Amino acid sequence: MNGYVIGTRLTLNGLFTDTAGAPIAPTTVEAKIMQPDGVILDLTGGVTTTTTGTYVVDFTPTQEGLHTYRFQGTGACVAADEQTFTTRTAF
């Protein structure tokens, strides 16, 4: 699990692959993040693709603690990628 300082802009990554590990491209991709206080933010409007199966979105955390984010693909293929990171205040 990665740790970052609050206020640092992060690029969150979502990777979609088939059962053989080859990149796949869903028809639509949504991204959401659950902040430490339990509030879920929709980041879908900022999602871009860098290569087939790889999606990114920028996010700047404002809370200290555990964040969980999820990229969800639908349509041509259904897949999800969920990851976590922690944040702390600068010292």
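In the chain, a dipole from Cβ-located charges (positive for Lys and Arg, negative for Asp and Glu) runs towards its positive end, and of LEU66, THR19, THR44 it is LEU66 whose Cα lies farthest in that direction. Share of carbon and sulfur in the accessible area of the chain stands at 53%, probe radius 1.4 Å. Stokes-Einstein diffusion coefficient for region 4-48 at 20 °C in a medium of 1.002 mPa s, Rh from the Kirkwood formula over Cα pairs: what value in µm²/s? The calculation lands on 167 µm²/s.
Region 1-40 and region 43-75 have Cα centres lying 4 Å from one another. A Cβ-based charge dipole, computed about the Cα centre of the chain with Lys and Arg at +1 and Asp and Glu at -1, lands at about 140 debye. With Cα atoms as the point set, the radius of gyration and Dmax of the chain evaluate to 13.7, 46 Å.
The values are calculated or read from the model by the stated rules, or taken from the named source; none is laboratory data. Computed from a predicted structure; not experimentally measured. We place every Cβ from the backbone using ideal geometry, glycine too, and count neighbours over all the protein chains shown. Surface accessibility is based on the protein's heavy atoms, side chains included, excluding ligands, DNA and RNA. Shrake-Rupley method; radii C 1.70, N 1.55, O 1.52, S 1.80 Å.
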